[in-house]
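Below you'll find the structure, written out as structure tokens, and then a few comments.
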Amino acid sequence: MTRRFGDRARFAVEVGEVWPPPPALATGDLRTVDLWAGGAWLTTFDNTAYVPSFTHYMRSDAEQVRRRDIRPCPFPGHSPEEVCRLLYAEMGETDFSWQFRLMDWGPTTDDATCIAYLDAGDELVLTLVRREDNPSPEDPAKVVVAKILADEFVAVLTEASDLLDAERVQ
């Protein structure tokens, strides 16, 4: 049974089956986890998460956002797509763009590079650059934009992490 935390139109984590499937002895260390942002399915290549590290990184990002340790928009007056393109073009060349990285949770999140910033008020803007070979023909957008209240993002990550950790065999 898949359990969803959040809203696919903004941001959601969907926790699915334990791997390996029964009758094998599963520990809960591997789980199907699908991520959604702005209505786009982000985990099209790899949706199997190694839970111990995946939840560690999710909790770290949740804490960073909870503390509001997220930078404001670096290019006011530009659209989120343009801000994303400008920062993404700099990656690897300067350290500046790395200050905006979020959701780097291991192989499961390699399908998209997330650049995030706080917008006016308390809204977290997530812009995600999808892999060139994105296999989702029904959603071919290269840049996905999602907006979510910072506290809602924190709640989604915390609740999904709590479930994933609670269902592991210790």
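The values are calculated or read from the model by the stated rules, or taken from the named source; none is laboratory data. What you see is a predicted model, and the numbers here were worked out from it, not measured in a lab. As a convention, Cβ positions derive from the backbone with ideal geometry for all residues, glycine included, and neighbour counts pool all protein chains shown.
Within the range 59-74, the presence of at least one residue that is in contact (Cβ under 8 Å) with a residue 40 or more places away in the chain, of a type in the set (Val, Ile, Thr) and under 25 Å from Arg31 (Cα atoms) is confirmed. A count restricted to the range 51-69 and to residues that are in contact with a strand residue (DSSP E or B) (Cβ under 9 Å, 6 or more places away or on another chain) and either hydrophobic (A, V, I, L, M, F, W, C) or surrounded by fewer than 16 Cβ atoms within 10 Å (Cβ to Cβ) (or both) stands at 6.
The residues listed here are Phe75, Phe5; of these, the one that is in contact with a Leu (Cβ under 8 Å, 6 or more places away or on another chain) and within 12 Å of Val156 (Cα to Cα) is Phe5. All conditions but one from (1) part of a helix (DSSP H, G or I); (2) free of Cβ contacts under 8 Å to residues at least 40 places away in the same chain; (3) among the hydrophobic types (A, V, I, L, M, F, W, C) apply to Val83; the one that does not is (2). If you check Trp36 against the conditions, is it under 21 Å from Val18 (Cβ atoms), part of a loop (DSSP other than H, G, I, E, B) and without any contact (Cβ under 8 Å) to a residue 60 or more places away in the chain? No, not satisfied.
Contact annotation: residue pairs with Cβ atoms under 7 Å, 6 or more positions apart or on different chains, pairing a residue in the range 123-141 that is surrounded by 14 or more Cβ atoms within 10 Å (Cβ to Cβ) with a partner that is modelled with pLDDT under 60, are Asn134/Pro140.
Can you spot a residue in the range 115-129 that is within 17 Å of Leu157 (Cα to Cα), in a helix (DSSP H, G or I) and within 16 Å of the chain's Cα centre (by Cα)? For the range 115-129, residues within 17 Å of Leu157 (Cα to Cα), in a helix (DSSP H, G or I) and within 16 Å of the chain's Cα centre (by Cα): absent. Looking across the range 70-96, just one residue is surrounded by fewer than 17 Cβ atoms within 10 Å (Cβ to Cβ) and β-branched (Val, Ile, Thr), and that is Thr94.
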